[in-house]
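What follows is a short report on a single structure.
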Amino acid sequence: MNANQEKGLDMVIGRLAGWVSLAATTLLMACGSDDAATDAAQGGELVITASAEGLGANGYAFPPGPGQELAFVDGWQVRFERILVVVGSVYLHDMPDKNPGNQGETGAEVERRSGPWVVDLAKPGNEADKGGAGKVAIRLPIQDLKGMFDLEQRYAFGFDLTAATSNATLVNVAADDADLQTMVSKGLRVLLVGTATLKASEAQCKASKDGYDWAAVPTPVRFRFGLSGAVSYRNCQNPDNLGEAIASEEAPRGVQMLPNAPTFAQITIHTDHLFWNSTSHENVPMFNQFAAHAKQQNGEWVVELDDVASVPLSPVTSSSGAAIPWRSCVSDALYTLPTTPSEMTFDTGGQPLTNLRDFVSFNAATMGHLNADGLCYVEGVAH
């Protein structure tokens, strides 16, 4: 090979090397662009809070105050001292719309964080409430739900309420708290402690039947309602979501992470469920059925769920066995007094419920929601 041939070969080799280098650089840039696109699609942060809303934090005034959405129609003011709730775990699944006809069916589990965490929702909060009640929500110390979410995807959100344990993480409750110790010893997931005071006068109220001795109804009455057993709330509907809900549902299912701000999922506890007179969500709270079974303890009138374990539902009777009439102490615009039947008769919706304690426990199983009013599939409860 002469000198000119060698020079030409060197030029060819040089050009080939340049092309290879350029191709490699281009390929790396393309891969980097794909990685950047992937990183951009992954992110988000999920913050878990819990709230009993304004009605839990501030109570049910009577007469109802401005903007108060619910009141005890039989004339009682109800205030809570404790709303102790045990959150056992929170979890996300993919495919919240997998089965439009069965809210409980989702795709595979994506993330789970387990506690339990004990929180008192009657105490002041540090986060905005989804129901508009101000800072009454409380952030739960659940970490590491950040940076792993597909921002184009909705995730089915669920949570469990479970029995209190001695090793639970205490959010705003002291380790030596007597009510907490009661929850641990009795295996309670929720404990409501408060006072009901009859505020309506005799002249304000009307009854579905004459002859009942309303003057004998004790007031004020302290109540301690403990709920045992675990309940799972799955694939909750979310009022924060945009778009159309599945037919027959009120809001789209699941949570979708925001790209540049935390997404809040508020475990919302509706305290009124324990005071319903039917298993329907279209309901009003009442307290006469409990006041009629209060007992004297240390100079106070007190009622617990065990005190109504033998109280029938059709009709509901007092401690003396007398049937309790329906009673309304509000305007007809707020509540229409039933006339047939003329005694308090609680609608079980076909559920095999025969006494007031079991009736309350059944309704209380549906007290968990997402972001104020989002309905969840309640595992094991045929609602």
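Taking (1) farther than 30 Å from residue 75 by Cβ; (2) part of a loop (DSSP other than H, G, I, E, B); (3) out of contact with any helix residue (DSSP H, G or I) (no Cβ under 9 Å at 6 or more places or on another chain); (4) modelled with pLDDT of 95 or more in turn, residue 200 satisfies each apart from (1). Of all residues in the stretch 290-313, those that are among the polar types (S, T, N, Q) have Cβ atoms under 9 Å from Cβ atoms of residues that are part of a helix (DSSP H, G or I), 6 or more apart or on another chain, in 310/356; 310/357. Only one entry of 323, 292, 372, 364 meets the criterion of being buried (at least 17 other Cβ atoms within 10 Å of the Cβ) and under 23 Å from residue 245 (Cβ atoms), and that entry is 372. Among what's in the stretch 326-361 and is within 27 Å of residue 158 (Cα to Cα) and β-branched (Val, Ile, Thr), pick the residue that is surrounded by the most Cβ atoms within 10 Å (Cβ to Cβ). Result: 360.
Selection over the stretch 339-383 of residues that are of a type in the set (A, V, I, L, M, F, W, C) and in a loop (DSSP other than H, G, I, E, B) gives a count of 10. The residues of the stretch 207-219 that are of a type outside the set (A, V, I, L, M) and surrounded by 13 or more Cβ atoms within 10 Å (Cβ to Cβ), listed by number, are 208, 209, 212, 214, 218, 219. Those strands (runs of 3 or more DSSP E) of the stretch 218-302 in which at least 1 residues are of a type in the set (Phe, Trp, Tyr) and more than 18 Å from residue 76 (Cα to Cα), considering only elements entirely within it, cover 231-234, 263-269. Among the strands (runs of 3 or more DSSP E) confined to the stretch 79-194, the ones with at least 1 residues that are without any contact (Cβ under 8 Å) to a residue 60 or more places away in the chain, surrounded by 15 or more Cβ atoms within 10 Å (Cβ to Cβ) and not acidic (Asp, Glu) are located at 109-120.
The values are calculated or read from the model by the stated rules, or taken from the named source; none is laboratory data. All values derive from a computational prediction rather than experimental measurement. Please note: Cβ atoms are built from the backbone with ideal geometry, for glycine as well, and neighbour counts cover all protein chains shown.
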